[in-house]
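Asks: Take a look at this one; I'll ask things after.
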Protein chains: 2
Amino acid sequence: MGTKIFIVDDHYMVIEGIRSLLQSEKSVEWMGHAMNAASCLAFLQQQLPDVILMDISMPDKSGIDLCREVKERYPSVFIIGLSTFNQQSFIQKMMDNGASGYLLKNATQEELMEGINTVMKGKTYLSGEAAQVLRKNGTGNTPVLTRREKEVLELIAEGMTNNEIAQKLFISITTVDTHRKNLLAKLEAKNTASLIRMAAQMQLI
Amino acid sequence: MGTKIFIVDDHYMVIEGIRSLLQSEKSVEWMGHAMNAASCLAFLQQQLPDVILMDISMPDKSGIDLCREVKERYPSVFIIGLSTFNQQSFIQKMMDNGASGYLLKNATQEELMEGINTVMKGKTYLSGEAAQVLRKNGTGNTPVLTRREKEVLELIAEGMTNNEIAQKLFISITTVDTHRKNLLAKLEAKNTASLIRMAAQMQLI
DNA sequence: GTAAATATCCTGTTTTTCCGGGATTAAAAA
DNA sequence: TTTTTAATCCCGGAAAAACAGGATATTTAC
């Protein structure tokens, strides 16, 4: 009996492509696909695959959230993240939320099979480029922001002044200013402009 | 004789998917694929397809540039842009560079065939969502920035002050300030923070 | 139980941005 | 040829951000 595979991706072309790539493989059993988070969860209530290939971008919910949800309900399922870009932040978040591996969509058939086989053994699999991206910074590049800092950053990005933010969060202007200082330091920005740009690049806003 | 199709995409899964979708179609002839801009151009020197399906993200060159290049050399070829996201700016730029159509990667087989057939007639084809995105703003959403404004915006995003920008561009501080005012007005931003965020969202930086 | 991290608050100064007015020149479009 | 657009320049003042250099509670982690 082969490894039972299910795929969640809202791109029909990708689903077809993966199916085509896996067709020749005797060791895998194609269970079907879902094109959004809701129907994925519905499917899982009926049957449980061994491995889910999960795209990070979905119409109704991000793959990152879906990943966490699925792992909470069905911890035994192995999830492999899928995406077009090697955005460090996405890969990191998927892995944090319990994914066992990550494949970029330019993966070859060999990588795909290697990924499936590796995670089935309980190990972690990252496709070549994904691994590089993670190694390059190892949480060093994207700084850890506190809850409050994220809130303040978001409001700054919306164009609010320290005064407005202070009122909104019921804290003093000087506190907002302090958070701001910390944000500048953490993101290594010298002013608001570079702060927001950095944050945008890191998918923080 | 069917429509000769060539595909340029660096994602193997997508190439496989499209091939699988087109396999059953008698009216199309699969010419092959390229996984980067260079090998695409090399292929075109040997043979000329009727329609090229072209991804916007490529390792060596953006599909937007490749599109312009191919249309300059081989104006008779119809190009259909392909991408994962319905980023208004990308779609707009592809169309500006001579693409005849645009498909999102969640397109169905029907949409794919309709797209190919429509552009072969010399018409423009936009898949459902792509069309909506373009209609929604019709160049209204992304403002037109002048050469100088783009330069100044870029330098602001890099964290430079008006003073520094003035020195770099050999113009007066007050001129930089004027460009800045215009940028704020054009992007409907109330300060630097929202300016940079807007610019990031519109792929201006 | 103690150390580290987080969130809060403060004063004062300097720098930068933002805003409201202008104006002139050169080049492109009508 | 006239009008529009783009690029340049100016002043002055108000508002905001950045910087320096603190302090004090409260969690959280070890």
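Asks: Among the residues of the stretch B:100-116, count how many are surrounded by fewer than 23 Cβ atoms within 10 Å (Cβ to Cβ), touching a helix residue (DSSP H, G or I) at 6+ places or on another chain (Cβ under 6 Å) and of a type in the set (D, E, K, R).
Replies: The number of residues fulfilling the criteria is 0.
Asks: May I pose another question? Only one of B:52, B:64 is away from chain A (no Cβ under 14 Å), at pLDDT 90 or above and closer than 25 Å to residue B:13 by Cβ. Can you tell me which?
Replies: B:52
Asks: Looking at the stretch B:177-193, I want the residues that are farther than 25 Å from residue A:153 by Cβ and have a partner that is within 7 Å of DNA strand C (Cβ to nearest atom) and assigned to a helix (DSSP H, G or I) with Cβ atoms under 9 Å, at least 6 apart or on another chain. Which pairs are those?
Replies: Close Cβ pairs satisfying both conditions: B:177/B:162.
Asks: Let me ask something else. Scan the stretch A:172-188 residue by residue and report those that are near DNA strand D (Cβ under 7 Å from one of its atoms), open to solvent by less than 70 Å² (accessible area, probe 1.4 Å) and away from chain B (no Cβ under 14 Å).
Replies: A:177, A:178
Asks: Can you find a residue that is within 14 Å of chain B (Cβ to nearest Cβ), more than 22 Å from residue B:83 (Cβ to Cβ) and either open to solvent by less than 20 Å² (accessible area, probe 1.4 Å) or in a helix (DSSP H, G or I) (or both) anywhere in the stretch A:117-130?
Replies: Yes: one or more hits.
Asks: Do you know which residues across the stretch A:20-74 are of a type in the set (Gly, Ala, Ser), over 17 Å from the mean Cα position of the chain (by Cα) and either crowded, with 16+ Cβ neighbours inside 10 Å or closer than 21 Å to residue A:104 by Cβ (or both)? First the steps, then the outcome.
Replies: To start, the set of residues in the stretch A:20-74 that are of a type in the set (Gly, Ala, Ser) comprises A:20, A:24, A:27, A:32, A:34, A:37-39, A:42, A:57, A:62-63.
Within this subset, residues satisfying the condition of being over 17 Å from the mean Cα position of the chain (by Cα) are A:20, A:24, A:27, A:32, A:34, A:38-39, A:42.
Result: A:20, A:34.
Asks: Restricting to the stretch A:131-150, give me the number of residues that are open to solvent by 60 Å² or more (accessible area, probe 1.4 Å) and either closer than 29 Å to residue B:34 by Cβ or at pLDDT 90 or above (or both).
Replies: Counting residues in the stretch A:131-150 that are open to solvent by 60 Å² or more (accessible area, probe 1.4 Å) and either closer than 29 Å to residue B:34 by Cβ or at pLDDT 90 or above (or both) gives 5.
Asks: Right, here's the next one. What are the pairs with Cβ atoms under 8 angstrom where one residue, in the stretch A:149-171, is within 10 Å of another protein chain (Cβ to nearest Cβ) and the other, located anywhere, is charged (D, E, K, R)? Sequence gap at least six, or different chains.
Replies: A:155/A:164; A:155/A:168; A:156/A:180; A:157/B:197; A:158/B:197; A:159/B:190; A:159/B:197; A:160/A:168
Asks: Can you name the helices (runs of 4 or more DSSP H) wholly within the stretch B:1-93 that have at least 3 residues being among the aliphatic types (A, V, I, L, M) and out of contact with any helix residue (DSSP H, G or I) (no Cβ under 6 Å at 6 or more places or on another chain)?
Replies: On the way: elements: B:12-23, B:37-46, B:63-73.
Qualifying helices (runs of 4 or more DSSP H): B:37-46.
The values are calculated or read from the model by the stated rules, or taken from the named source; none is laboratory data. This structure is a prediction, so every number in the text was calculated from the model and none was measured. Every residue, glycine as well, gets a Cβ built from its backbone with ideal geometry; the counts of neighbours run over all protein chains shown. Just the protein is used for accessible areas: all its heavy atoms, side chains included, with ligands, DNA and RNA removed. Shrake-Rupley method; radii C 1.70, N 1.55, O 1.52, S 1.80 Å.
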